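Report on the structure given below.
The values are calculated or read from the model by the stated rules, or taken from the named source; none is laboratory data. Model, not experiment: these values are computed from the prediction. Glycine also receives a Cβ, built like all others from the backbone with ideal geometry; neighbour counts cover every protein chain displayed. What goes into the accessible areas is simple: the full protein's heavy atoms, side chains included, and nothing from ligands, DNA or RNA. Shrake-Rupley method; radii C 1.70, N 1.55, O 1.52, S 1.80 Å.
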Amino acid sequence: MGNFYLDVIGKDPRFDSAARVSDPSLLEPTTRKLVESVISAAQQMGIAIMIYETYRSQDRQQELFNQGATKLRAVGVHHYGLACDIVRVVGGEPSWKGDFSFLGQLAQSSGLIWGGDWGAPDIKHSFVDSVHVQRCTIPRQGDLFAGTWYPDDVYNPYDDAQHLFTAAMIPPARAEAIRGRPPAKNKRA
């Protein structure tokens, strides 16, 4: 398969849907395997969790932004099949309550970036999403959104040393801008 985003997501009838999508088949295959391993490990720990959202269209992102459910107006890594929201299951229903640090530990050990620390636990983050995991560093997102990069099967964000190093040097306001929208194009006279 060439590019999962172009070959699968771009052709899916839910591409422009404003509805929540929790279908793991819209996660890029390596990302899907890693998410499944996180869920399995949590179950072995006695923690019931579920995939709440995988793919997210621009229409859904705008709707969530308008409701105040997210600070990001433009689609992020969910749009590319590289991110997933995982929530607890309480009484058969999804729940965002409680400590999700276990998810951070499981995500990192599986090779996923956790939205609780964005792959840089020593930095204070102004934007925390404790139910979010993704297979892309924050600095690498600009390349993803610009269409110049998509991870291959062996990409591990924790081996992306230059991009992890860069993440530690980006001021928090700039990091949020990178997370929320594609980089601005340079304008030349």
Query - Cβ-Cβ under 7 Å pairs, at least 6 apart or on other chains, region 49-68 side more than 18 Å from G81 (Cβ to Cβ), far side modelled with pLDDT of 95 or more and charged (D, E, K, R) - result: I49/R88
Requested in this report: Answer with yes or no whether F4 is among the aromatic types (F, W, Y) and surrounded by fewer than 18 Cβ atoms within 10 Å (Cβ to Cβ).
Outcome: no
Query raised in the report: Condition test on G111, is it at positive phi and open to solvent by 60 Å² or more (accessible area, probe 1.4 Å)?
Result: no
Requested in this report: Name, by its number, the condition in (1) part of a loop (DSSP other than H, G, I, E, B); (2) aromatic (F, W, Y); (3) modelled with pLDDT of 95 or more that does not hold for F102.
Outcome: (1)
**Report entry** Candidates S95, S40 - the one that is open to solvent by 40 Å² or more (accessible area, probe 1.4 Å), without any contact (Cβ under 8 Å) to a residue 40 or more places away in the chain and of a type in the set (S, T, N, Q)
**Finding:** S40
Report task. Kindly provide the set of residues from region 9-32 that are free of Cβ contacts under 8 Å to residues at least 24 places away in the same chain and loosely packed, with under 15 Cβ neighbours inside 10 Å, ordered by number. Result -> G10, K11, P13, S25
Query raised in the report: open to solvent by 50 Å² or more (accessible area, probe 1.4 Å) and of a type in the set (K, R), is that true of R56?
Result: no
Query - Single condition I123 does not satisfy, out of (1) among the β-branched types (V, I, T); (2) open to solvent by 50 Å² or more (accessible area, probe 1.4 Å); (3) touching a residue at least 24 places away in the same chain (Cβ under 8 Å); (4) within 23 Å of F15 (Cβ to Cβ) - result: (4)
